[in-house]
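Structure first, commentary second.
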Amino acid sequence: MANKSVAIVSGAARGLGRSFAQRLSSEGYEVLAFDIDRDVLEIPGVEGLVADVSKREDVETVIGAVNELGVLKVLVNNAGAWKRTPVDSSWEQALQDWDYIMDTNLRGVLMLSRAAIPYMKDQGGDIINISSYYVLPARSGGTNPPDTDLYNASKWALNGFTDAWAKYLEEYKIKVNGMCMGAVDTPMLRGLYPDEKLPADMAAVVMSSEQIAQQLMDIVSSERTGENFGAWVGEPVSIGEQPPVHRRITG
Ligand SMILES: NC(=O)c1ccc[n+]([C@@H]2O[C@H](COP(=O)([O-])OP(=O)(O)OC[C@H]3O[C@@H](n4cnc5c(N)ncnc54)[C@H](O)[C@@H]3O)[C@@H](O)[C@H]2O)c1
């Protein structure tokens, strides 16, 4: 058991996280999947834990379970909080929304990754930050609608983690990448529509979480690091060609 490869997936009770956990398990990983939702305990073949990524003690419990399973090779920072945040809401509301979104989407990523990195340094591995196509505006026709400014800001901030950690962790053979998908058929997306029913034009093009899980495996199998990989509705999902690497002049 001790030399088995372990993968951690946050927010795995449903949606993308569940597909990532199932796919990693089918690829032979010992998967440690956690969520605030108890449904995470029902995923076949996966070690489920009820835990909140925004709580330090919960993150420590998750990481504390790694050594019994094997060696940590993959961390998928998937758990995400979404909420409509109109720019004309009150300050009080905005600050409450800030805590709700940033505690999971950023503080959680910071804590889980900081806790996980020492477990990966000996053998290398992958950290995957689940972002959004909003951070690739050149391809997505601009950034997202203004009533989701905080969610948007949280995903842009992930770029800072991805970029800085990729450089710092290269010497330990830890790759760090972002996945920046458009619409994927999950409960989060369906929650945007009445009766959780996707409109016909969306249903016709929406991506599946299994397609994105395939892209995750392609990233893990590649040597590439420090990138944001896009996935676009209506287009084949792949990791595409490696973009030109720009030399850093200062800093
Ligand atoms: N579905 C899409 O179209 C889409 C597009 C771009 C990016 N994303 C991103 O993909 C990720 C997964 O999204 P999804 O669509 O599967 O969402 P989802 O809401 O269907 O699932 C998210 C899961 O995360 C869990 N979670 C939330 N806060 C948590 C916390 N503090 N601790 C532990 N678990 C927590 C939820 O309980 C839920 O099971 C998110 O980061 C989201 O921002 C989704």
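The values are calculated or read from the model by the stated rules, or taken from the named source; none is laboratory data. Since the structure is predicted, the reported quantities are computational estimates derived from the model, not experimental observations. Counting neighbours? That spans all protein chains shown, and the Cβs are built from the backbone with ideal geometry, glycine included.
Structure above, values below:
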quantity: Residue selected from the range 39-80 under the condition assigned to a loop (DSSP other than H, G, I, E, B) and of a type in the set (Gly, Ala, Ser), by the criterion farthest from Met111 (Cα to Cα); calculated: Gly45
quantity: Of residues in the range 218-233 being of a type outside the set (Lys, Arg) and surrounded by fewer than 17 Cβ atoms within 10 Å (Cβ to Cβ), the one farthest from Glu170 (Cα to Cα); calculated: Val233
quantity: Count of residues meeting criterion [away from the ligand (no atom under 16 Å from the Cβ) and in contact with a Phe, Trp or Tyr (Cβ under 9 Å, 6 or more places away or on another chain)] in the range 226-237; calculated: 1
quantity: Among (1) in a helix (DSSP H, G or I); (2) touching a Gly at 6+ places or on another chain (Cβ under 6 Å); (3) closer than 18 Å to Ile174 by Cβ - the single one Gly17 does not satisfy; calculated: (3)
quantity: Complete set of residues in the range 21-34 that are within 19 Å of Val71 (Cβ to Cβ), more than 8 Å from the ligand (Cβ to nearest atom), within 17 Å of the chain's Cα centre (by Cα) and not small (Gly, Ala, Ser); calculated: Leu24, Val31, Leu32
quantity: Residue satisfying condition, being crowded, with 21+ Cβ neighbours inside 10 Å and either in contact with a Ser or Thr (Cβ under 9 Å, 6 or more places away or on another chain) or of a type outside the set (Lys, Arg) (or both), within set Leu189, Leu112; calculated: Leu112
quantity: Elements of type helices (runs of 4 or more DSSP H) contained in the range 144-251, each with 1 or more residues being of a type in the set (Phe, Trp, Tyr); calculated: 149-169
quantity: Test for Pro137: is it over 16 Å from Trp232 (Cβ atoms) and at pLDDT below 95; calculated: no
quantity: Hey, Ile239 under 17 Å from Asn129 (Cβ atoms), free of Cβ contacts under 8 Å to residues at least 40 places away in the same chain and surrounded by 15 or more Cβ atoms within 10 Å (Cβ to Cβ) or not; calculated: yes
quantity: In the range 9-29, the residues that are farther than 19 Å from Met181 by Cβ and surrounded by fewer than 22 Cβ atoms within 10 Å (Cβ to Cβ); calculated: Ser25, Ser26, Glu27, Gly28
quantity: Cβ-Cβ under 8 Å pairs, at least 6 apart or on other chains, the range 179-199 side among the acidic types (Asp, Glu), far side near the ligand (Cβ under 6 Å from one of its atoms); calculated: Glu196/Pro187
quantity: Condition check for Ser5: among the small types (Gly, Ala, Ser) and either under 30 Å from Pro146 (Cβ atoms) or within 16 Å of the ligand (Cβ to nearest atom) (or both); calculated: no
quantity: Hey, Leu198 farther than 22 Å from Ile128 by Cα and more than 10 Å from the ligand (Cβ to nearest atom) or not; calculated: yes
quantity: Total residues in the range 42-79, condition within 12 Å of the ligand (Cβ to nearest atom), farther than 17 Å from Tyr119 by Cα and in contact with a Leu (Cβ under 8 Å, 6 or more places away or on another chain); calculated: 5
quantity: Those residues of the range 82-116 which are in contact (Cβ under 8 Å) with a residue 40 or more places away in the chain and outside any helix (DSSP H, G or I), in sequence order; calculated: Trp82, Lys83, Arg84, Thr85, Pro86, Val87
quantity: Leading residue by the ranking (farthest from the ligand (Cβ to nearest atom)) among those in the range 206-225 that are of a type in the set (Ser, Thr, Tyr) and closer than 16 Å to Ala12 by Cα; calculated: Ser208
quantity: Residues located in the range 1-20, provided they are within 14 Å of the chain's Cα centre (by Cα) and among the β-branched types (Val, Ile, Thr); calculated: Ile8, Val9
